[in-house]
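Visitor: Quick one: the structure is below, questions incoming.
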Amino acid sequence: CAVSGITAPETCFVGDEDDITITGNCLDGVGFPDIPGSTTVSSTEEKNAAGHIVKITRRVQWTTPGEHTLSATCGESPAEKKIKVYKVDIEWNGQIVTGGTVPRIVGQPIALKAIIEPAPPAGTTYRWTVPDKCIEKYDMPDTLKRKDNENPNLDGNCETFARITKLPEVLVGASIGFYTFGVPKPSNVTLLATLGGRLKSVVTTLNVSTPTGDIAFRFSEYTPAADVIRIVGNELICGRTNTASPEEDSAVRVEGTIHTTPGGAGRIAFIQRIETRRAAGVPSTGSDGTPIWNPPVLTTEGAYVLDRKPKNINSSDDMVPQFQAKIKVIGESATETIEVLDSPSVFLSGVATAFDIREFFEMFLMYQPTGGIWVTIHKARWRWSAAGSRAPGQPWVWSHRTPPSAVNSPDGPSEQLPTWETRIQDIAA
């Protein structure tokens, strides 16, 4: 009776199954005790032509991390092999969440860490796969920065932006951090650890909840409706002429309502973006037949930029970049409503003989959980347009007046994060 050796992987993982094999010329009386740190799944034997056992294979499932010694003895012929068994887990908030869930509210930070017991060898690598709707960050500063600091009352030419930083295609490292801007489906996060030449994959699930919300438009109550657009002095006005006028004279009143989940205290706000083409001045025709306006047409070239109420020049404070500078605190499991008004206007110089204005607006109802990033809960759109002309020194004649109205698509619950690099005021400055 002699044991030739024990064959087994040198690196194993808790939860996995591996085959442990003993070979020899005669193992009929071999002592093959239970394998430490495991439970036996199955056991098979192979015999030679003489009927002697020459191979024993046990399939085991590993249950306990650590270094385990496998031994087998047949007479005076023992064999021994050491095996490292590792336990690979995902940790969140000090808790092991492997095979479980990570409860988060949309916009909250998510920090995950790989935990390996016992300590992994040098050269261990980690690769993570996260679901969709996860980003590295969403930057939207609360305050503006003036490019011209010598003029504290300057409203134009300010730095403002909202940017999305995407996650790299492959996340590596023992720990990762990210945010969700929506509810991912599917929602699994997978960690693939490579150590000792073998791979181990473990999974946890993001359980992301989100507030609900809605946007309601109330448009001006002029009769006829087109009379909300009018010329007052040197201004083409859509809505009320100043803040002393009744609110119901505004071109649009926008009301947003958000209902938070348990643990979902934070802030809410409106973001409004604008896509515009404002031609107002003296038109002429170029040599190639294209219209030329003096001054040039103010246009965002089909893109949306931030539409923000001008800074109060009597204040030394920078206002937040949200539309009309409104941010409201909201508690957990709470309902809050936020309202903004808008009445666009366009300056018409004394020598202007025509105007042609077309504007689209996007309203984003935003939510920021405490310690998290801003995310979108609801989105809606509205528009207005007007055109007219006059002979020099004569009254204006309308070509058309299209009062403010909702744009039906896209509208509703949204996960779109608004981005911009400038404001409409800075384009006009």
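The values are calculated or read from the model by the stated rules, or taken from the named source; none is laboratory data. What you are looking at is a predicted structure, and each value in this text was computed from that prediction instead of being measured. FYI the Cβ positions are ideal-geometry reconstructions off the backbone, even for glycines, and counts take in every protein chain you see.
Visitor: Counting just the residues of the stretch 251-286 that are closer than 28 Å to residue 350 by Cβ and either aliphatic (A, V, I, L, M) or at pLDDT below 90 (or both), which one comes out surrounded by the fewest Cβ atoms within 10 Å (Cβ to Cβ)? Steps first, answer last, please.
Guide: In the first step, residues of the stretch 251-286 are kept if they are closer than 28 Å to residue 350 by Cβ; the result is 251, 274, 276-286.
Now narrow it down to the ones that are either aliphatic (A, V, I, L, M) or at pLDDT below 90 (or both): 251, 274, 279-280, 282, 286.
Details: 251: 23, 274: 22, 279: 20, 280: 21, 282: 14, 286: 8.
So, considering only residues that are closer than 28 Å to residue 350 by Cβ and either aliphatic (A, V, I, L, M) or at pLDDT below 90 (or both), the one surrounded by the fewest Cβ atoms within 10 Å (Cβ to Cβ) is 286.
Visitor: Right, here's the next one. If I filter the stretch 297-311 for residues that are in a helix (DSSP H, G or I), modelled with pLDDT under 95, farther than 18 Å from residue 380 by Cα and of a type in the set (Asp, Glu), do I get at least one hit?
Guide: No, because not a single residue in the stretch 297-311 is in a helix (DSSP H, G or I), modelled with pLDDT under 95, farther than 18 Å from residue 380 by Cα and of a type in the set (Asp, Glu).
Visitor: Let me ask you something else. Can you find even one residue in the stretch 30-46 that is free of Cβ contacts under 8 Å to residues at least 40 places away in the same chain, out of contact with any Leu (no Cβ under 7 Å at 6 or more places or on another chain), under 12 Å from residue 2 (Cβ atoms) and not basic (Lys, Arg)?
Guide: So far as the stretch 30-46 goes, no, none of its residues is free of Cβ contacts under 8 Å to residues at least 40 places away in the same chain, out of contact with any Leu (no Cβ under 7 Å at 6 or more places or on another chain), under 12 Å from residue 2 (Cβ atoms) and not basic (Lys, Arg).
Visitor: Identify the residue in the stretch 94-136 that is under 22 Å from the mean Cα position of the chain (by Cα) and of a type in the set (Gly, Ala, Ser) and, among all such residues, is farthest from residue 63 (Cα to Cα).
Guide: Among them, the one singled out is 107.
Visitor: Additional query: Output the number of residues of the stretch 244-285 satisfying the condition of being in contact with a strand residue (DSSP E or B) (Cβ under 9 Å, 6 or more places away or on another chain) and either among the hydrophobic types (A, V, I, L, M, F, W, C) or in a loop (DSSP other than H, G, I, E, B) (or both).
Guide: Looking only at that region, the number is 19.
Visitor: Hey, can you tell me all the residues within the stretch 96-124 that are surrounded by 19 or more Cβ atoms within 10 Å (Cβ to Cβ) and at positive phi?
Guide: Passing the criteria: only 107.
Visitor: Out of all the residues in the stretch 62-75, is one or more crowded, with 17+ Cβ neighbours inside 10 Å, assigned to a strand (DSSP E or B) and aliphatic (A, V, I, L, M)?
Guide: yes
Visitor: Another question, then. Just the residues that are surrounded by fewer than 16 Cβ atoms within 10 Å (Cβ to Cβ) and under 30 Å from residue 112 (Cα atoms), please, taken from the stretch 76-94. Spell out the reasoning first.
Guide: Residues of the stretch 76-94 that are surrounded by fewer than 16 Cβ atoms within 10 Å (Cβ to Cβ), as a first pass: 76, 78, 80, 82, 93-94.
Correct list: 93, 94.
Visitor: Can you report the number of residues in the stretch 259-302 which are of a type in the set (Val, Ile, Thr) and under 19 Å from residue 162 (Cβ atoms)?
Guide: 5
Visitor: In the stretch 359-386, which residues are surrounded by fewer than 24 Cβ atoms within 10 Å (Cβ to Cβ) and assigned to a loop (DSSP other than H, G, I, E, B)?
Guide: Those that are surrounded by fewer than 24 Cβ atoms within 10 Å (Cβ to Cβ) and assigned to a loop (DSSP other than H, G, I, E, B): 370, 371, 372, 373.
Visitor: Is there a residue in the stretch 39-51 that is within 43 Å of the chain's Cα centre (by Cα), surrounded by fewer than 20 Cβ atoms within 10 Å (Cβ to Cβ) and outside any loop (DSSP other than H, G, I, E, B)?
Guide: No.
Visitor: Report yes if residue 384 is touching a Cys at 6+ places or on another chain (Cβ under 6 Å) and not acidic (Asp, Glu), otherwise no. Don't jump to the end; show me each part of the working.
Guide: On the way: touching a Cys at 6+ places or on another chain (Cβ under 6 Å): yes; not acidic (Asp, Glu): yes.
Spelling it out, residue 384 is indeed touching a Cys at 6+ places or on another chain (Cβ under 6 Å) and not acidic (Asp, Glu).
Visitor: Sticking with this one: Kindly evaluate residue 4 against the criterion of being touching a residue at least 24 places away in the same chain (Cβ under 8 Å) and either in a strand (DSSP E or B) or closer than 24 Å to residue 196 by Cα (or both).
Guide: Criteria met by residue 4.
Visitor: Here is a list of conditions, (1) in contact (Cβ under 8 Å) with a residue 40 or more places away in the chain; (2) buried (at least 20 other Cβ atoms within 10 Å of the Cβ); (3) within 21 Å of residue 4 (Cα to Cα), and residue 58 meets all of them except one; can you say which number that is?
Guide: (1)
Visitor: Here is a follow-up. Taking the criterion of being in a strand (DSSP E or B), within 20 Å of residue 39 (Cβ to Cβ), modelled with pLDDT of 95 or more and basic (Lys, Arg), would at least one residue in the stretch 87-102 satisfy it?
Guide: Yes, some residue in the stretch 87-102 is in a strand (DSSP E or B), within 20 Å of residue 39 (Cβ to Cβ), modelled with pLDDT of 95 or more and basic (Lys, Arg).
Visitor: Please name all residue pairs, on different chains or six or more residues apart, with Cβ atoms under 9 Å, provided the first residue is in the stretch 398-424 and is farther than 30 Å from residue 259 by Cα and at pLDDT 85 or above and the second residue is acidic (Asp, Glu) and surrounded by fewer than 17 Cβ atoms within 10 Å (Cβ to Cβ).
Guide: 401/227; 403/227
Visitor: Take residue 35 and tell me if it is in a strand (DSSP E or B), in contact with a strand residue (DSSP E or B) (Cβ under 8 Å, 6 or more places away or on another chain), among the hydrophobic types (A, V, I, L, M, F, W, C) and at negative phi.
Guide: So residue 35 fails the test.
Visitor: Next question. Select from the stretch 337-358 the residues that are outside any loop (DSSP other than H, G, I, E, B) and over 22 Å from residue 250 (Cα atoms) and list them in ascending order.
Guide: Hit for the stretch 337-358 is 354, nothing else.
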